[in-house]
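A quick write-up on the structure given underneath.
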Amino acid sequence: MEETLFTVNNVWMMICTALVFLMHLGFSLLEIGLTRQKNTINILFKNVFIICIGLILYALVGFNLMYPGSFIAGIIPDYFVDLFGLTSPENGLTAEYADGGYTFWTDFLFQGMFAATAATIVSGAVAERIKLGAFMIFTIVYVGLVYPIVGSWKWGAGWLDELGFYDFAGSTLVHSVGGWAALVAVWLLGARLGKFKKDGSVGAIPGHNMPFATAGVFILWLGWFGFNGGSVLSADPGATSLVLVTTCVAAASGGMSAFLVSLFKYKQFDLSMFLNGILGGLVGITAGADLMSVTDSIVIGFIAGGLIVLGVSLVDRMKLDDPVGAIAVHLICGIWGTLAVGIFGDLASWEQLGYQAIGVVSIGVTCLVSAYAIIKTLKSTTGIRVSKEEEQEGLDIHEHGMDAYPDFRLNQH
């Protein structure tokens, strides 16, 4: 019976790993749908690069950094030997490894899928004007070092874990980590040509394929069942079913809220807001999906959806250009979801809210400083922005020598 349960748990974790992997297709479709056709191949190339280099980096360095076993002052992973590479411990393939939840290799692969997500968040925010080489260098450093070290503070039993900070599946540790970097990158890059007019008004730059964007969101919603469901770290029927329900209703509530708030604010039925509201609800519930009642989840998702509409408007007023709304979805709703753990659910208390705030601030400052150092260095050396001509004519032709739609070449400017 014990061996059967171990096998069932491990198979569930592998299914969840596959679902999280599928999210990278969702991100790809969402990004290309919300941007212009002349940059489609560039965005797809970045997303393929992210998952490939992310898995390699996580295997060589990231997994060991994130789960070091011991720390210096609870902050710096204590690794002087055995940092590089991946070797299963003696009990890695037995039920002893993770209380019968999964094997060492399943553990690595599941966590590795999470690692690449942080860079994917940045990809959408900087779309249509960043140099591909600069983005790739940023991804290597940020995913290879910053993400696993920050993640180790909670998930690797570091100082935030000892403090009492709680983040079930990564509202802060995954989504805000990517969101903070996206904020810095968008600021240092500057807006796309035509985004902000001389009179200060915002120029709309519509995406070229809303069916792709819609398909991307539905794939992401499906993938989130693995993202949150797998974070139970076993196939426990009660815990897993609760997490899937809270995740699903928060997504639905976030979508409805964003649709209603945008309708009230702009008097239009805005599909892009509806879609991002769903994602905002998903990000918002991720920190406490295992702690919330159905009613709590609906409220958390509903607030997240409203924050999407207000957040997108705020980013525009700050003269920051985020083509896919990544800052509102992943940063703002990531912060909200993390703080919500102290307001709703099983851990709700002023003390817990304080712990959650400390986690948000400490990780935020670390990510801001790290992202600024990486991107500012690149800006001062190789440069991070393509030329005006390249941006106008499209990155597909200039950086890839290819056209995503060669038989349907339309006005692309």
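The values are calculated or read from the model by the stated rules, or taken from the named source; none is laboratory data. Computed from a prediction, not measured in an experiment: that's the story for all the values here. With ideal geometry, Cβ positions are generated from the backbone for all residues, glycine too; neighbour counts draw on all protein chains shown. What goes into the accessible areas is simple: the full protein's heavy atoms, side chains included, and nothing from ligands, DNA or RNA. Shrake-Rupley method; radii C 1.70, N 1.55, O 1.52, S 1.80 Å.
Observations on the structure shown:
- Search result, residues across segment 1-43 that are within 28 Å of V243 (Cβ to Cβ) and not in a helix (DSSP H, G or I): M1
- Residues in segment 102-131 that are assigned to a helix (DSSP H, G or I), in contact (Cβ under 8 Å) with a residue 40 or more places away in the chain, open to solvent by 20 Å² or more (accessible area, probe 1.4 Å) and aromatic (F, W, Y): F108 alone.
- Residue identified as within 28 Å of K38 (Cα to Cα) and surrounded by fewer than 21 Cβ atoms within 10 Å (Cβ to Cβ) among L193, L183, L163: L193
- Residue under evaluation L271, criteria (1) aliphatic (A, V, I, L, M); (2) open to solvent by 20 Å² or more (accessible area, probe 1.4 Å); (3) under 30 Å from L163 (Cα atoms), criterion not met: (3)
- Scanning segment 284-305 for residues that are of a type outside the set (S, T, N, Q) and open to solvent by 10 Å² or more (accessible area, probe 1.4 Å) yields D290, L291, V294, D296, I298, V299, F302, I303.
- Residue tally, condition open to solvent by less than 50 Å² (accessible area, probe 1.4 Å), over 23 Å from I56 (Cβ atoms) and either without any contact (Cβ under 8 Å) to a residue 24 or more places away in the chain or touching a Lys or Arg at 6+ places or on another chain (Cβ under 8 Å) (or both), over segment 92-101: 0
- Leading residue by the ranking (farthest from L233 (Cα to Cα)) among those in segment 20-71 that are surrounded by fewer than 19 Cβ atoms within 10 Å (Cβ to Cβ) and within 15 Å of the chain's Cα centre (by Cα): L25
- Whichever residue in segment 196-210 is open to solvent by 40 Å² or more (accessible area, probe 1.4 Å) and part of a loop (DSSP other than H, G, I, E, B) and, among such residues, is farthest from M318 (Cα to Cα): H208
- Where A326 falls short, out of the listed (1) open to solvent by less than 20 Å² (accessible area, probe 1.4 Å); (2) hydrophobic (A, V, I, L, M, F, W, C); (3) farther than 27 Å from P211 by Cβ: (3)
- Residue check for G200: free of Cβ contacts under 8 Å to residues at least 60 places away in the same chain and either at positive phi or not β-branched (V, I, T) (or both): yes
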